[in-house]
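Read through the structure below, which is laid out as structure tokens, and then see the notes.
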Amino acid sequence: MGCKISVEGDIYSYGIILLEIITGRRPTDDMFKDGVNIRNFVESSLPLNIHNILEPNLTVYHEGEDGGQAMIEMQHCAMQLANIGLKCSEMSPKDRPRTEEVYAEMLAIKEEFSTLCSWGSISMLL
């Protein structure tokens, strides 16, 4: 760990914050000990068990004819956010994406999520 401020350090922090948001857990949570951390907690749950790690208060969907599909689509958005968080929090700074790449991916996820919200099947609680 160095003390030098860098864009790569900012990207790492952004990634950890994304993981905190989608899981509802802090890196200092009591469950993270003995080699388990927020990063490998999320990584071990992708892609099949994303529903097990999501913050339960983040999503609410209304039952309806497209409710099941909307929930699958929402989990897809959450998985994309988790993947960005994991890429941003790579241990080696050279393996982390550039700010522009992260921004473009976040815009694409926002657009996808906005489409879901327009269906009226999902709303986000923040």
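The values are calculated or read from the model by the stated rules, or taken from the named source; none is laboratory data. All of these numbers come straight from a predicted model, not from anything done at the bench. With ideal geometry, Cβ positions are generated from the backbone for all residues, glycine too; neighbour counts draw on all protein chains shown.
Of all residues being closer than 20 Å to Ile38 by Cβ and among the charged types (D, E, K, R) in the stretch 77-105, which is surrounded by the most Cβ atoms within 10 Å (Cβ to Cβ)? Just the residue, please. Looking at the filtered set, the residue picked out is Arg96. Looking at the stretch 48-57, can you tell me whether even one residue there is at pLDDT 80 or above, more than 15 Å from the chain's Cα centre (by Cα) and farther than 24 Å from Thr99 by Cα? No, the stretch 48-57 contains no residue that is at pLDDT 80 or above, more than 15 Å from the chain's Cα centre (by Cα) and farther than 24 Å from Thr99 by Cα. Only one entry in Gly64, Gly35 is at pLDDT 80 or above and either in a loop (DSSP other than H, G, I, E, B) or surrounded by 14 or more Cβ atoms within 10 Å (Cβ to Cβ) (or both), namely Gly35. When residues in the stretch 4-57 are screened for being among the polar types (S, T, N, Q), closer than 14 Å to Gln75 by Cα and in contact (Cβ under 8 Å) with a residue 40 or more places away in the chain, 1 of them pass.
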